[in-house]
1. Can you tell me which residue among 20, 39, 33 is over 29 Å from residue 108 (Cβ atoms) and part of a loop (DSSP other than H, G, I, E, B)?
2. Restricting attention to the range 81-116, which residues are within 23 Å of residue 68 (Cα to Cα), at pLDDT 75 or above, loosely packed, with under 14 Cβ neighbours inside 10 Å and in contact with a helix residue (DSSP H, G or I) (Cβ under 9 Å, 6 or more places away or on another chain)?
3. I'd like the full set of residues that are in contact (Cβ under 8 Å) with a residue 24 or more places away in the chain and over 37 Å from the mean Cα position of the chain (by Cα), limited to the range 18-42.
4. Any residue that is within 17 Å of the chain's Cα centre (by Cα), at pLDDT below 85 and outside any helix (DSSP H, G or I) - is there at least one of those in the range 117-124?
5. Cβ-Cβ distance below 9 Å, separation of 6 or more or different chains: which pairs start in the range 1-17 with a residue that is at pLDDT below 90 and end on one that is exposed (fewer than 10 other Cβ atoms within 10 Å of the Cβ) and not in a helix (DSSP H, G or I)?
6. What are the pairs with Cβ atoms under 8 angstrom where one residue, in the range 59-78, is at pLDDT 90 or above and the other, located anywhere, is assigned to a helix (DSSP H, G or I) and surrounded by fewer than 11 Cβ atoms within 10 Å (Cβ to Cβ)? Sequence gap at least six, or different chains.
């Protein structure tokens, strides 16, 4: 069989599938499409499966692109909120929590129980805004202790500790106090411990 004949057959199949798709969209049943086009029902059933698989693929592809765009927008919102969060703006905290919740739902992991930062995230925030890691941790602890912020969490969630660091700021301060260190020395102990971890 020559190449021209194969191309002609491919074109005929493609043309028929376009007609089948159009008729299916109009609401015709497969047997009605087969009658209308004068093609065996088995052929139409095969065409319909291929067409529906293609529709499903296109829908998933479009959903993935749409999901990516929405997540990028939410990430931009979060970037603009961080400076206000660090200044103690309760409205910004509320908006950030809702934004994170929406992002989690879009990404499909909205069932998490704890809302918090990982050590890596805390380091990124500190680097991005040029503040010591201790300030990031202190702000997170302040927000976690705020009853208003706790009330704004979705049902079934709670603030979690900063994950990925072996000791909390409170543990480091307690050890420094136990050694008789003043506030400046306590702050230096936190900075030294946490900068060693970064």
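The values are calculated or read from the model by the stated rules, or taken from the named source; none is laboratory data. Quantities reported herein were computed from a predicted structural model and do not represent experimental measurements. In this analysis, Cβ positions are derived from the backbone assuming ideal geometry, glycine residues included, and neighbour counts consider all displayed protein chains.
1. On the way: 20 fails: part of a loop (DSSP other than H, G, I, E, B); 33 fails: part of a loop (DSSP other than H, G, I, E, B).
39 is the lone residue from the list that is over 29 Å from residue 108 (Cβ atoms) and part of a loop (DSSP other than H, G, I, E, B).
2. 107
3. Let us first name the residues in the range 18-42 that are in contact (Cβ under 8 Å) with a residue 24 or more places away in the chain, namely 20-21, 24.
20 - this is the single residue of the range 18-42 that is in contact (Cβ under 8 Å) with a residue 24 or more places away in the chain and over 37 Å from the mean Cα position of the chain (by Cα).
4. Scanning the range 117-124 turns up at least one residue that is within 17 Å of the chain's Cα centre (by Cα), at pLDDT below 85 and outside any helix (DSSP H, G or I).
5. Close Cβ pairs satisfying both conditions: 9/1.
6. none
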